Amino acid sequence: MIRVLVVEDSKTVQQALVAAFDADPELTVIGTAESGESAVEAAKSLKPDIITMDVNLPGMDGFDATRAIMSSCPVPIVIVTGKMNPKDSATLFRVMEAGALMVLAKPAAPGSPGYRESVADLVRHVKLMSEIKVVRRVFPTGKIAPTQAAVPAPRTAPAAPVKVVAIGASTGGPPLLRRILSALPESFSAAVLVVQHMATGFTENFVHWLNQHSTMPVLLAADGMTVEPGRVYVAPDCYHMEVAPQGRIRLTSTDPENGVRPAVSALFRTVAQHYGRHAVGVLLTGMGKDGALELKTIRNSGGVTVAQDKETSMVFGMPGEAIQIDAAQHVLSPDGIIDLLTTLAAKGAAALK
């Protein structure tokens, strides 16, 4: 049995979550908490296998509770909340920086058309996240965990000017993407295309949050947009983001790939097709194997390919799969990825002059 601690201050929502989890034969709710302080105490005393955490709590909020739990008695934590106002998005993703694994939507109201599907999706993700081995986090600054020392990237000269950087990420991706986009120079000469696996309803907030940190403008991708250098395009909910001829974005609602939509595989495949040796593919932390095979397609097309290393990946599924099939030319830490992208873009821009 997977032992669940539910942290939620609304009695109505709390009861709905408990009922949803207890209805599954593999889950059992061992306790509930209505404040951050009680959540920390319950985590220590009950030792759950996973915690579902709301963000807006009386007293200690979900951010501080997550940070306290991850620094004292680490356990997988997922954020379960409704679609947030963009003004609150910074708080939501700060919780992920503190160690929460992902953001999940609260189920639809009982009896509503989408209730069963939303409950099934929540239960499925809670089961998956409960299997992740988490480690104790240290927060000497009181904000976010310290980063590992930079691993210099190989000084690879691009075979051709880099026009597009395609990045795929899943579990643990949002804080990492924020870090990468905040470190790239404002003069970055390539377009950046991002597929981040995320629960439906949170991508707009994610884009808003990235814009608060990125040196380049971050846009929610729309069908027909022109791919321009120095801009970041994020795949929207429920659509595959592809690139089409003439450097335009194409959104499609074709079947999920690797169980997800948007899928990294759809982006990487079309980037390889239309940009070839002018492309860089980057596969970051995440469960499963989405994008691994297609990263090799980019490599075979003459592009540069990168996978995040095991030591810095929250979940080594996607990058690990890519490394196993020899899809990644470079296996790097986040600092190494930043260094490589900056170097490649700078050399590519110089080659165009």
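The values are calculated or read from the model by the stated rules, or taken from the named source; none is laboratory data. Everything numeric here is computed off the predicted structure, so don't read it as measured data. All Cβ positions, even for glycine, are placed from backbone atoms using ideal geometry, and neighbour counts span all protein chains on display. Ligands, DNA and RNA are excluded from the accessible area calculation, which covers all protein heavy atoms including side chains. Shrake-Rupley method; radii C 1.70, N 1.55, O 1.52, S 1.80 Å.
Think of the range 1-139 as a dipole: +1 on every Lys or Arg Cβ, -1 on every Asp or Glu Cβ, centred on the Cα centre; then among A108, A43, G59, A43 lies furthest on the positive end.
If you take the Cα centroid of the range 319-336 and the Cα centroid of the range 74-106, the two points sit 27 Å apart.
Helix 115-130: angle to the longest alpha-carbon principal axis of the chain, degrees 0 to 90, nearest 10? Roughly 80 degrees, rounded to the nearest 10.
Using a probe radius of 1.4 angstrom, the carbon and sulfur fraction of the accessible surface of the chain is 52%. Summing Lys and Arg as +1 and Asp and Glu as -1 over all other residues whose Cβ lies under 14 Å from the Cβ of A292 gives a net charge of -1.
Other residues within the sphere of radius under 15 Å centred on the Cβ of A244, judged by their own Cβ, net out at +1 (K and R +1, D and E -1). In this structure the chain gives 41 Å² per residue of accessible area when probed at 1.4 Å with all protein chains present. With K and R counted +1 and D and E -1, the other residues having a Cβ less than 11 Å from that of E37 yield a net charge of -4.
Can you give the charge dipole size of the range 290-339 about its Cα centre, rounded to the nearest 20 debye, using +1 on the beta carbon of Lys and Arg and -1 on the beta carbon of Asp and Glu? If you can, show how the numbers build up before the last one.
Working: 3 positive and 8 negative charges, 32 e Å.
Rounded to the nearest 20 debye, it is 160 debye.
Which value in nm describes the separation of the simple spin-label points at S72 and D121, placed 7 Å from the Cα toward the beta carbon? Here the modelled spin labels are 3.4 nm apart. Identify all lysines with a Cα-Cα distance to K163 below 24 Å; exclude those on the same chain that are fewer than 8 residues away in sequence. Result set, ordered by chain and number: K296, K347, K353.
Around the Cα centre of the chain, unit charges on the Cβ atoms of Lys, Arg, Asp and Glu (plus for the first two, minus for the last two) sum to a dipole of about 960 debye.
Rounded to the nearest 20, the size of the Cβ-charge dipole of the range 213-315 about its Cα centre is 280 debye, with Lys and Arg at +1 and Asp and Glu at -1.
Count the DSSP beta bridges whose two residues both fall in the chain, then state the antiparallel fraction as a percent rounded to the nearest 5. So the antiparallel bridges amount to about 15 percent of the total.
Cross-link partners for K83 among the lysines, with Cα-Cα distance under 28 Å and sequence neighbours closer than 8 places in the same chain left out: K11, K106, K127, K133, K143, K289.
Under the simplified labelling scheme, the V135-T91 pair shows an inter-label distance of 3.1 nm, with each label point 7 Å from Cα along Cα→Cβ.
Once Rg and Dmax of the Cα atoms in Å is calculated for the structure shown, the corresponding label among (1) 34.8, 123; (2) 20.2, 64; (3) 21.0, 68 turns out to be (2). In the chain, helical runs assigned H by DSSP with n ≥ 4 each contribute -39500 (n - 2.57); averaged across all residues and rounded to the nearest 500, the mean residue ellipticity at 222 nm is -11000 deg cm²/dmol. Each eigenvalue of the Cα gyration tensor of the range 196-301, multiplied by 5 and square-rooted, gives one semi-axis; in descending order these are 20, 17, 14 Å.
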